[in-house]
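Read the structure below first, then the notes.
The values are calculated or read from the model by the stated rules, or taken from the named source; none is laboratory data. Predicted, not measured: the structure shown is a model, and the values here were computed from it. Note that we place each Cβ from the backbone using ideal geometry, even for glycine, and neighbour counts take in every protein chain shown.
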Amino acid sequence: MNERVDIVQRRRLRLLLAVGVTATAAPALAWTAIAGPGSGPSATPSSAAGKALDPYVKQKPKWKRCDAGSPATFQCATIKVPLDYRDPGGERIDVAISRIRTAVPDKRRGVLLSNPGGPGQAGLAMPTGLHRNLPKSVQEKYDLIGFDPRGVGKSSPVSCGLTKEEQNWLRPYKKETFAKDVAWARDVAKKCKEKAGDKLPHITTRNTARDMDLLRAILGEKKISFLGYSYGTNLGPVYSELFPARVDRFVLDSAVDPGRAWRGMIQSWAEGSDAAFDRWTKWAAERSEEYGLGDTPKRVGRTFWGLVAQAGKKPIEVDGKPRTGDDIRSGMHEATFTPEEASAWVVELKKAAEGKPASAKKLAAFPRSEGGGPAGAADDAAKVPSDNPTASLWTVFCGDNSAAWSRDPESYRQDAIENERRYPLYGDFASSIKPCAFWDESKEPVTEVDNEIGSLVVQNEWDGQTPLHSAQGLHRHLKGSRMVTVLGGEGHGVYPNDNACTESTVNDYLLYGKLPAKDVICKATAEPKAESGK
């Protein structure tokens, strides 16, 4: 993999640093600097609430080197934030923050906050990845700021006490197991409420956006810039909706459609996967002499589904690890991000199914996870509960918009049956029962993203996790945005890469605040300049 291509892929490979943090107290700014429209029960908080927030705004972070193995320039601290912004005098929680300051203060514009995705993904190490990968000119422009979102990693991590099996939410629909899956979903919701019920209602995207604005105030900044990937493309727009006057330059890479958060977003994975699967069968058929999977798309598909059927009757084993037909379908959801990876993976499956020696290493590539949600920093295992990524994922997915989730298990069964028919690769995984069916109602209404604030949406054409239509949906909601589409672009995460078209467009925006006059179409191969207005 090219050293500079994909920060998100690096995240998925779990190359996060362990970082140490400390606490406390910065120049005072008014409550209105962190309130924003709709930030509490009313747009204008009471004077008592304003006074209660003064100690938060006055915090002066005690920055120190994150750990002995990290660069001295990579600094960490901890700030305190209200658990409930409607009751700032109540319980406080920690938010772990990090930074790498610009080495050229005279060129500094401000701060660039970042989020790697999730929900449930720690972001404390983001500045180190950005420092390795962003162009030097961009690094000189900003202090790079990372943070673990509330409830995640080192930011007062939430836990439901879930076992490894309970964390596995890749549960395809089957008539004979559906009752068991309903019981699993109910039990997960129950355990979360019992273990973390006081915190669950407040671990939301809206409150994380409020934390971002409190951090802005603590740092003494009038505005923030932001680089968000995947889930970060929801967090950023929610911030812009709550705090429009505080938005500087926002880059939203591999985007979530806010109109489908969150059940609809999970279901969109199936839509993206099946489209990518059709692309893969054509690609592999054109290279039948190399891969031997079939010389037409139909025959390539028949090879794959034959393996699924065989493994459904008797799991295919490699190095003692069985793979069921459902395991293969789940793996293909990720493999089809790139046809070359998918082809190599299916070749090894085919060998194993035929009793021939197969590469266990290649087969282990997919699925990349066991269904337990995004990975946190492995070195923090002693401090961060093992189920924190999964627990915080459901807390956000379910708590942001409880109305998006049906309370009737039968509706999930019907949706799973229908979507397995429409999207046979992943439809039932995406639509079957989830713990949100049994979650308590959200404490706040969902944030309706609909504004004209300038921002830049960046998207690969072939991204199974946030499909192209998802980014187009965000673009429509952000009427002041421009969109960069990479035709033929593969995978989850675009910027930075070696594509002159995308690089120049994003860099011009971050450096000069220059949004393109029209939407931009780039090709996956490096191009000297963008084609605008397509």
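Candidates in region 175-229 are the residues that are of a type in the set (Gly, Ala, Ser) and assigned by TED's automatic domain parsing to the domain that holds VAL506; of these, the one that is farthest from the chain's Cα centre (by Cα) is GLY220. Among residues of region 121-162 being surrounded by fewer than 24 Cβ atoms within 10 Å (Cβ to Cβ) and among the basic types (Lys, Arg), the one that is farthest from VAL104 (Cα to Cα) is ARG132.
Beta carbons closer than 9 Å, at least 6 apart along the sequence or on distinct chains, never pair a first residue in region 320-349 that is outside the structural domain of PHE304 (by TED's automatic domain parsing) with a second that is among the hydroxyl-bearing types (Ser, Thr, Tyr). Within region 461-504, restricting attention to residues that are among the small types (Gly, Ala, Ser), buried (at least 21 other Cβ atoms within 10 Å of the Cβ) and in contact with a Leu (Cβ under 9 Å, 6 or more places away or on another chain), the residue that is farthest from ASP257 (Cα to Cα) is SER481. Check region 409-422 and report whether any residue there is part of a helix (DSSP H, G or I) and among the small types (Gly, Ala, Ser). Yes, because at least one residue in region 409-422 is part of a helix (DSSP H, G or I) and among the small types (Gly, Ala, Ser). Outside any loop (DSSP other than H, G, I, E, B), at pLDDT 95 or above and surrounded by 22 or more Cβ atoms within 10 Å (Cβ to Cβ): does that describe ALA255? So ALA255 does not fit the description; no. Can you say whether LYS356 is more than 24 Å from GLU461 (Cα to Cα), among the charged types (D, E, K, R) and in a loop (DSSP other than H, G, I, E, B), as far as the supplied structure shows? So LYS356 passes the test.
ASN507 satisfies every condition listed in (1) surrounded by fewer than 23 Cβ atoms within 10 Å (Cβ to Cβ); (2) in a loop (DSSP other than H, G, I, E, B); (3) of a type in the set (S, T, N, Q); (4) assigned by TED's automatic domain parsing to the domain that holds VAL238 except (2). Selection over region 162-184 of residues that are assigned to a loop (DSSP other than H, G, I, E, B) and within 16 Å of TRP439 (Cβ to Cβ) gives a count of 2.
Say whether the condition of being surrounded by 24 or more Cβ atoms within 10 Å (Cβ to Cβ) and either at pLDDT below 95 or touching a Phe, Trp or Tyr at 6+ places or on another chain (Cβ under 7 Å) (or both) is met by at least one residue in region 293-301.
First, the residues of region 293-301 that are surrounded by 24 or more Cβ atoms within 10 Å (Cβ to Cβ): 300.
Going one step further and asking which of them are either at pLDDT below 95 or touching a Phe, Trp or Tyr at 6+ places or on another chain (Cβ under 7 Å) (or both), we end up with none.
Within region 293-301 (the criterion being surrounded by 24 or more Cβ atoms within 10 Å (Cβ to Cβ) and either at pLDDT below 95 or touching a Phe, Trp or Tyr at 6+ places or on another chain (Cβ under 7 Å) (or both)), the answer is no, since none of the residues qualifies.
Applying the criterion of being charged (D, E, K, R) and at pLDDT 90 or above to the residues of region 362-406, the residue that is nearest to the chain's Cα centre (by Cα) is ASP400. Every condition in (1) over 22 Å from the mean Cα position of the chain (by Cα); (2) assigned to a helix (DSSP H, G or I) is met by LEU293 except one, and the failing one is (2). Just one residue in the set TRP262, TRP283 is closer than 13 Å to THR466 by Cβ and of a type in the set (Phe, Trp, Tyr); that residue is TRP262. For ARG279, the requirement of being in contact with a strand residue (DSSP E or B) (Cβ under 9 Å, 6 or more places away or on another chain), under 21 Å from PRO424 (Cα atoms), charged (D, E, K, R) and part of a helix (DSSP H, G or I) is met. For region 50-101, a residue qualifies if it is part of a helix (DSSP H, G or I) and either among the charged types (D, E, K, R) or within 21 Å of THR128 (Cβ to Cβ) (or both), and the qualifying residues are LYS51, ASP54.
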